[in-house]
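Have a look at the structure below, then the notes.
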Amino acid sequence: MAKKEEKKFLVKKCPYCSTPLKTEDKVCFSCKHRVGPPDKTGTATIPGRWKSYVSLAGALVVVYAYFRYVFFG
């Protein structure tokens, strides 16, 4: 059974503006978006936005509590 070869890229492409970047870059110098490591096609991955999702969940809980208090409390 042959081992799969992992491709090593010298550059990666920004997923937002398609600017070529060094593989070590964490921020695109053109559009200023954060970028992750390259995927199998050489395009940089988009880092997770977990802080945004947590903030959204907190805001929904506050809105739910407010409506429950105003209309049913």
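A few remarks follow.
Quick grid of which residues meet (1) at pLDDT below 95; (2) in a strand (DSSP E or B); (3) loosely packed, with under 11 Cβ neighbours inside 10 Å:
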| position | (1), (2), (3) |
| --- | --- |
| Ser18 | yes, no, no |
| Glu24 | yes, no, yes |
| Gly36 | yes, no, no |
| Thr41 | yes, no, yes |
| Gly48 | yes, no, yes |
| Lys51 | yes, no, yes |
| Ala57 | no, no, yes |
| Val61 | no, no, yes |
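- Within segment 46-68, no residue that is in contact (Cβ under 8 Å) with a residue 24 or more places away in the chain sits with its Cβ atom under 7 Å from a residue that is exposed (fewer than 10 other Cβ atoms within 10 Å of the Cβ) and assigned to a helix (DSSP H, G or I) at 6+ positions apart or across chains.
- Residue among Phe29, Phe67 that is at pLDDT 90 or above, part of a helix (DSSP H, G or I) and surrounded by 10 or more Cβ atoms within 10 Å (Cβ to Cβ): Phe67
The values are calculated or read from the model by the stated rules, or taken from the named source; none is laboratory data. This is a predicted model, so every value here is computed, not measured. Please note: Cβ atoms are built from the backbone with ideal geometry, for glycine as well, and neighbour counts cover all protein chains shown.
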